[in-house]
Amino acid sequence: MDHHGTHHGGVRMGFTLNGRPVEHQGGVTLLEALRGDFALSGPRFGCGEERCGACHVLLDGESVPSCALPVEAAEGREVVTIEGLTPQRLQEAFEAEQAGQCGFCLSGILVSAAALLRRNPDPDEAAIRAALEPHLCRCGAHNRILRAVRRAAA
């Protein structure tokens, strides 16, 4: 490895992506690998500084920003994007509450909500707000988003 953390000589690292094993050469962020090499459009590039939540994915079940995380950090671990989320009850609840406007923030919000509901199947409003604190929604759909997470938990 050189000082940038990239592998030379064709050494590849592997991880599980949405339930299937994948390999990657490294040298990019996890978000760049997901959107570029694995052609997943769910995780979005928002700020690039881990401050908006649009790029969140599950890493071993925890919601984490992927925009500044080196893909090497996923080695041997499980990555789940919005495309791999199951069951669909969260997405259905968001649709029922019309919780999305432009939708740019929603994939990150949905993976954070999924992580919350796995940890706590019946969260109160304070727990939902805390779990979604890292996410910015510029459309102002916050109240609908909170209702949707409560609906999915019910």
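The values are calculated or read from the model by the stated rules, or taken from the named source; none is laboratory data. Predicted, not measured: the structure shown is a model, and the values here were computed from it. When we count neighbours, we look across all protein chains shown, and the Cβ atoms used for this are built from the backbone with ideal geometry, even at glycine.
Worth a mention:
- Index of the failed condition, ALA39 passing every other in (1) of a type outside the set (Phe, Trp, Tyr); (2) part of a helix (DSSP H, G or I); (3) more than 23 Å from LEU116 (Cα to Cα): (2)
- Test: residue in the range 106-116 that is part of a loop (DSSP other than H, G, I, E, B), touching a residue at least 40 places away in the same chain (Cβ under 8 Å) and out of contact with any Lys or Arg (no Cβ under 6 Å at 6 or more places or on another chain): no
- Taken together, ARG44, ARG147 contain a single residue that is crowded, with 18+ Cβ neighbours inside 10 Å, modelled with pLDDT of 95 or more and not in a loop (DSSP other than H, G, I, E, B), which is ARG147.
- Test for LEU90: is it farther than 26 Å from LEU146 by Cβ and touching a residue at least 24 places away in the same chain (Cβ under 8 Å): no
- The one condition in (1) surrounded by 20 or more Cβ atoms within 10 Å (Cβ to Cβ); (2) assigned to a strand (DSSP E or B); (3) out of contact with any strand residue (DSSP E or B) (no Cβ under 6 Å at 6 or more places or on another chain); (4) among the hydrophobic types (A, V, I, L, M, F, W, C) that VAL22 fails to fulfil: (1)
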